[in-house]
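Here's a structure for you.
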Amino acid sequence: QVQLVESGGCLVQAGGSLRLSCAASGSTFRFIAVAWYRQAPGKQRDLVAFISRGGVTNYADSVKGRFTISRDDSKANMLYLQMNSLTPEDTSVYYCKLAALNCYWGQGTQVHVSS
(Lines give C-alpha, C1' and ligand atoms only; values in the text may rest on other atoms or scores of the structure.)
Protein backbone atom coordinates (compact mmCIF):
# COMPACT_ATOMS: atom_id res chain seq x y z
CA GLN A 1 0.00 0.00 0.00
CA VAL A 2 1.15 3.54 -0.77
CA GLN A 3 0.19 6.77 0.93
CA LEU A 4 0.68 10.17 -0.67
CA VAL A 5 0.28 13.45 1.18
CA GLU A 6 0.49 16.76 -0.66
CA SER A 7 1.23 20.11 0.92
CA GLY A 8 2.18 23.64 -0.03
CA GLY A 9 -0.96 24.89 -1.70
CA CYS A 10 -2.20 28.34 -0.77
CA LEU A 11 -3.37 31.68 -2.11
CA VAL A 12 -0.79 33.52 -4.18
CA GLN A 13 -0.84 36.56 -6.45
CA ALA A 14 -0.36 36.28 -10.18
CA GLY A 15 3.32 36.26 -11.04
CA GLY A 16 4.23 34.60 -7.79
CA SER A 17 5.75 31.22 -7.04
CA LEU A 18 4.86 28.19 -4.98
CA ARG A 19 6.47 24.86 -4.28
CA LEU A 20 4.22 21.90 -3.75
CA SER A 21 5.44 18.83 -1.92
CA CYS A 22 4.22 15.26 -1.90
CA ALA A 23 5.44 12.79 0.69
CA ALA A 24 5.19 9.15 -0.31
CA SER A 25 5.26 6.30 2.15
CA GLY A 26 4.58 2.60 2.09
CA SER A 27 5.52 0.25 -0.72
CA THR A 28 6.98 2.84 -3.07
CA PHE A 29 10.09 0.98 -4.20
CA ARG A 30 8.46 -0.51 -7.31
CA PHE A 31 7.14 2.74 -8.69
CA ILE A 32 7.32 3.43 -12.42
CA ALA A 33 6.69 7.16 -12.37
CA VAL A 34 5.33 9.89 -10.18
CA ALA A 35 3.34 12.83 -11.41
CA TRP A 36 1.41 15.95 -10.61
CA TYR A 37 -2.12 16.43 -11.90
CA ARG A 38 -4.52 19.30 -11.40
CA GLN A 39 -8.26 19.69 -11.51
CA ALA A 40 -10.13 22.98 -11.67
CA PRO A 41 -13.82 23.16 -10.66
CA GLY A 42 -16.03 21.59 -13.29
CA LYS A 43 -13.10 20.35 -15.34
CA GLN A 44 -11.34 17.05 -15.79
CA ARG A 45 -8.16 16.15 -13.99
CA ASP A 46 -5.20 16.88 -16.25
CA LEU A 47 -1.57 15.86 -16.17
CA VAL A 48 0.77 18.70 -15.25
CA ALA A 49 4.13 16.92 -15.14
CA PHE A 50 5.63 13.53 -14.52
CA ILE A 51 9.03 12.12 -13.72
CA SER A 52 9.92 8.53 -14.40
CA ARG A 53 11.92 6.24 -12.19
CA GLY A 54 14.92 6.98 -14.38
CA GLY A 55 14.46 10.73 -14.09
CA VAL A 56 12.84 11.47 -17.44
CA THR A 57 10.45 14.39 -17.15
CA ASN A 58 7.58 15.65 -19.25
CA TYR A 59 5.31 18.66 -18.90
CA ALA A 60 1.97 19.87 -20.13
CA ASP A 61 2.43 22.59 -22.74
CA SER A 62 0.66 25.09 -20.50
CA VAL A 63 3.33 24.84 -17.80
CA LYS A 64 6.52 24.28 -19.78
CA GLY A 65 9.19 26.74 -18.78
CA ARG A 66 7.31 27.73 -15.62
CA PHE A 67 6.97 24.53 -13.59
CA THR A 68 9.65 22.07 -12.57
CA ILE A 69 9.03 18.60 -11.21
CA SER A 70 11.68 16.97 -9.07
CA ARG A 71 12.11 14.02 -6.79
CA ASP A 72 14.25 13.44 -3.76
CA ASP A 73 14.40 9.77 -2.93
CA SER A 74 16.77 10.41 -0.04
CA LYS A 75 14.27 12.56 1.82
CA ALA A 76 11.42 10.24 2.66
CA ASN A 77 10.51 9.84 -0.99
CA MET A 78 9.56 13.44 -1.62
CA LEU A 79 8.12 14.75 -4.86
CA TYR A 80 8.09 18.47 -5.60
CA LEU A 81 6.52 20.84 -8.06
CA GLN A 82 8.15 24.24 -8.30
CA MET A 83 5.66 26.64 -9.88
CA ASN A 84 6.81 30.04 -11.10
CA SER A 85 5.09 32.87 -12.95
CA LEU A 86 1.72 31.67 -11.75
CA THR A 87 -1.43 32.88 -13.48
CA PRO A 88 -5.10 32.66 -12.46
CA GLU A 89 -5.42 29.80 -14.96
CA ASP A 90 -3.19 27.72 -12.68
CA THR A 91 -5.85 27.81 -9.97
CA SER A 92 -6.72 24.18 -9.26
CA VAL A 93 -6.50 21.38 -6.78
CA TYR A 94 -3.14 19.72 -7.37
CA TYR A 95 -2.75 15.99 -6.86
CA CYS A 96 0.28 13.77 -6.83
CA LYS A 97 0.08 10.31 -8.31
CA LEU A 98 2.35 7.31 -8.05
CA ALA A 99 2.20 4.68 -10.74
CA ALA A 100 3.34 1.19 -9.89
CA LEU A 101 1.43 -2.07 -10.38
CA ASN A 102 -1.45 0.05 -9.13
CA CYS A 103 -1.96 3.79 -9.18
CA TYR A 104 -2.17 5.83 -6.02
CA TRP A 105 -3.40 9.37 -5.49
CA GLY A 106 -2.98 11.91 -2.76
CA GLN A 107 -5.85 13.92 -1.35
CA GLY A 108 -4.88 17.12 -3.18
CA THR A 109 -3.76 20.58 -2.20
CA GLN A 110 -5.54 23.76 -3.28
CA VAL A 111 -3.72 26.44 -5.23
CA HIS A 112 -5.49 29.72 -5.84
CA VAL A 113 -3.86 32.40 -7.95
CA SER A 114 -5.40 35.84 -7.68
CA SER A 115 -5.20 38.38 -10.47
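How much of Ser21 can a 1.4 Å solvent probe reach, expressed as accessible area in Å² and rounded to 10?
Ser21 exposes around 20 Å² with every protein chain in place.
Oh, and also: Per-residue HN-Hα couplings for segment 60-74, Karplus 6.51 cos²θ - 1.76 cosθ + 1.60 at θ = phi - 60°, whole Hz, x for Gly and Pro?
Ordered by residue, 3J(HN,Hα) equals 5, 4, 5, 10, 4, x, 10, 10, 9, 9, 8, 9, 10, 6, 7 Hz.
Going from most exposed to least, what order do Phe29, Phe67 have by accessible area with a 1.4 Å probe?
Ranked from most to least accessible, the order is Phe29, Phe67.
What are the residues whose amide H is under 5 Å from the amide H of Val2, where those residues sit 5 or more places off or on another chain and H is modelled from the backbone?
Ser27
Report the Cys residues of the chain lacking a disulfide-compatible partner, meaning no second Cys Cβ under 4.7 Å from their Cβ.
Cysteines lacking a close Cβ partner in the chain: Cys10, Cys103.
Still on this structure, please answer the following. Across segment 10-19, in residue order, what do the Karplus-derived ³J(HN,Hα) couplings come to in whole Hz, using 6.51 cos²θ - 1.76 cosθ + 1.60 with θ = phi - 60° and x for Gly and Pro?
Along segment 10-19, the couplings run 6, 8, 9, 7, 4, x, x, 10, 9, 10 Hz.
Now for a separate question. Under a 10 Å cutoff between Cα atoms, tell me which one of Val93, Val56, Val34 has the largest fluctuation in the Gaussian network model of the chain.
Answer for the Gaussian network model of the chain: Val56.
Tell me, what is the per residue accessible area of the chain in Å², probe radius 1.4 Å?
Value for the chain: 53 Å² per residue.
Roll a 1.4 angstrom probe over the protein heavy atoms and tell me the percent of accessible area of segment 1-68 that is carbon or sulfur.
Numbers: 1990 of 3850 Å².
C and S fraction of accessible area: 52 percent.
Now for a different question. Could you tally the net charge around Glu6, taking each other residue with its Cβ under 12 Å from the Cβ of Glu6, Lys/Arg +1 and Asp/Glu -1?
So the surrounding residues net to +3.
The values are calculated or read from the model by the stated rules, or taken from the named source; none is laboratory data. In this text, all values refer to a predicted model and were calculated from it rather than measured experimentally. Ideal geometry is used to build each Cβ from the backbone, glycine not excepted, and the neighbour counts take in all protein chains shown. All accessible areas refer to the heavy atoms of the entire protein, side chains included, with ligands and DNA or RNA removed. Shrake-Rupley method; radii C 1.70, N 1.55, O 1.52, S 1.80 Å.
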